[in-house]
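First the structure, in the form of structure tokens, and then the observations on it.
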Amino acid sequence: MTQKLNSGQESEAKKTPPPTEPLVKVIAFIATLGGLLFGYDTGVIAGALLFMKHDLHLTSVTTGMVTSFLILGSAIGAIFAGRVADRFGRKKIILVMAIIFMAGSLGCAMAPNVVLMIMFRFILGLAVGGAAAIVPIYIAEIVPSNRRWQFVTLQELMIVSGQLIAYTSNAAINEVWGGETTWRWMLGVACVPAVILWVGMLFLPDTPRWYAMHGRYREARDVLERTRKAGRVEKELSEIRSSMSSKSEKHSRRQKTISVWMKRLVFLGIGIAMLQQLSGVNTIMFYAPTMLQATGLSTNASLMATIANGVISVIMTFVGIMLLSRFGRRPLLLTGQIGCTLTLLAIGLVTWLMPETVNGHPDAVRSYLVLGGMLIFLCFQQGALSPVTWLLLSEMFPMRIRGMANGVSVFAMQMTNFSIAFMFPIMLDTIGLTMSFFCFAAIGVAGGIFAIIFAPETQGKTLEQIEKHFKKHLQDEPAPQEAGS
């Protein structure tokens, strides 16, 4: 699995891509508002918990439930949306997700007790998971192949931008309307981008590949003509037709089954998706203020310090997008995984070796070293590991199962995320901050071994060429040599 798709393939960065049609940029911006909402709704809880725990009388268990039930909902939303999107279209699912975003945000903001809060966080999670599964596919299928890495990773940029907006608005709302009900304003703000996403998607088309999968080649051609330069339309439509006709001939007796090589590819996707969450990234994104408070920082200082996490995440995602064009998927995935693991080990050593108090007061140096470790961790996570994960999941699956397979992979990712988010407050109460970081570092070592053995390289290929490559290398028997594979 470690070999590249044609080692002689030109780097995407060395090509001179044709200008992207303006509609493609509009499509990418509107669709990735789903990523912005994903980021905001996962990041806002970090600050909201500081106030909610008093207003709703949260314990360590209910704190974990309020945080993690959004992730549980997102796991279910991802697998459901992935399956339905293959049948009804990517656009329709994103429209439904926008409505759920609106309803869930309002429900969380007005929840009178912890039971309803957990319920609406779960409902909001359905939209988070649906957006995580479908938006990258929608973008990957509609943009030109030589710009796919750029526009799909825009989803990751919007996720971390949403988290930064959440951290910043948390601090601002606390400064202006500080009080026990501050968290309601924090959670309700998410309605605004949800409305923009719903209205914007009404005017956008579905993807040419989804139209082709359902025999609607006229609509597929229309979308290609609106999103490609004229000279590229016929070539790409021909590739899509060839891919679809090949499937029709080879799988006419097994339309309802999945080939062995596809199942293996889905398992590979699940492993890559879980790898991104096993780094423990969302313990930092969800619980950074709580952890910083545990090291001795005040509530205001913890909220302000968390903004640095958001700023670094946005900056490093920009860096990661640029690095993808130069170094490809596999090198960045390995760099991100190894860097995250070493940083977690370093943070654990800081909290273990340095005293909690100096002269009877919390050790500020220890607190800021932990914060510095978090920022370095996010450099590796958001600059390498996360962008590569979302890009690989959007492009590695064959067209016939792309929605379902990506949904299953994101389901596995979010179930991993759910388990970590639920258990972390309990881990803090039982084994403490130091051992929690050491646990994640140990898991990171196992993840690094997986990445070294199995991480693929998909740079510089169309979706159809990637499909041919994986079919060749994952099926039971050698396939006949296919042109362009």
Out of Gly130, Gly39, Gly104, I need the residue that is more than 19 Å from Met158 (Cα to Cα) and surrounded by 23 or more Cβ atoms within 10 Å (Cβ to Cβ). Which one?
Gly104
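State yes or no: is Met110 within 18 Å of the chain's Cα centre (by Cα) and either closer than 25 Å to Thr59 by Cα or crowded, with 19+ Cβ neighbours inside 10 Å (or both)? Write out each step before concluding.
Details: within 18 Å of the chain's Cα centre (by Cα): no; either closer than 25 Å to Thr59 by Cα or crowded, with 19+ Cβ neighbours inside 10 Å (or both): yes.
In short, no.
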Test: residue in the range 285-294 that is open to solvent by 20 Å² or more (accessible area, probe 1.4 Å) and within 26 Å of Ile159 (Cα to Cα)
yes
Six or more apart or on different chains, Cβ atoms under 7 Å: show the pairs whose first residue is in the range 155-170 and touching a residue at least 60 places away in the same chain (Cβ under 8 Å) and whose second is surrounded by fewer than 23 Cβ atoms within 10 Å (Cβ to Cβ) and among the acidic types (Asp, Glu).
none
Residue among Ile118, Ile100, Ile79 that alone is at pLDDT 85 or above and within 19 Å of the chain's Cα centre (by Cα):
Ile100
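Just one of Ser298, Ser302 is open to solvent by 50 Å² or more (accessible area, probe 1.4 Å), of a type in the set (S, T, N, Q) and under 18 Å from Ser367 (Cβ atoms); which is it? Can you show your working first?
Values: Ser302 fails: open to solvent by 50 Å² or more (accessible area, probe 1.4 Å).
So the residue among Ser298, Ser302 that is open to solvent by 50 Å² or more (accessible area, probe 1.4 Å), of a type in the set (S, T, N, Q) and under 18 Å from Ser367 (Cβ atoms) is Ser298.
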Can you tell me which of Leu50, Leu33, Leu95 is at pLDDT below 80, aliphatic (A, V, I, L, M) and touching a Leu at 6+ places or on another chain (Cβ under 8 Å)?
Leu50
Between residues in the range 45-63 that are within 14 Å of Arg184 (Cβ to Cβ) and touching a residue at least 40 places away in the same chain (Cβ under 8 Å) and residues that are of a type in the set (Ser, Thr, Tyr) and open to solvent by 10 Å² or more (accessible area, probe 1.4 Å), which pairs lie under 6 Å by C-beta distance while being six or more apart or on different chains?
Leu50/Thr299
Considering only helices (runs of 4 or more DSSP H) wholly within the range 386-471, the ones with at least 3 residues that are within 30 Å of Ser60 (Cα to Cα) and at pLDDT below 85 are 402-430, 432-454
Tell me the helices (runs of 4 or more DSSP H) entirely within the range 21-110 that contain at least 1 residues that are more than 24 Å from Thr168 (Cα to Cα).
22-31, 60-88, 90-110
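What helices (runs of 4 or more DSSP H), lying completely within the range 250-330, carry at least 2 residues that are modelled with pLDDT under 80 and more than 28 Å from Ile401 (Cα to Cα)?
Those helices (runs of 4 or more DSSP H) span 281-294, 299-327.
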Check off (1) buried (at least 16 other Cβ atoms within 10 Å of the Cβ); (2) in contact (Cβ under 8 Å) with a residue 40 or more places away in the chain for Pro331 and give me the number that stays unchecked.
(2)
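The values are calculated or read from the model by the stated rules, or taken from the named source; none is laboratory data. Please read these numbers as outputs of a predicted model, since none were measured by experiment. Every residue, glycine among them, receives a Cβ derived from its backbone with ideal geometry; neighbour counts consider all protein chains shown. Note: accessible area is taken over every heavy atom of the protein model, side chains too, but ligands, DNA and RNA are not part of it. Shrake-Rupley method; radii C 1.70, N 1.55, O 1.52, S 1.80 Å.
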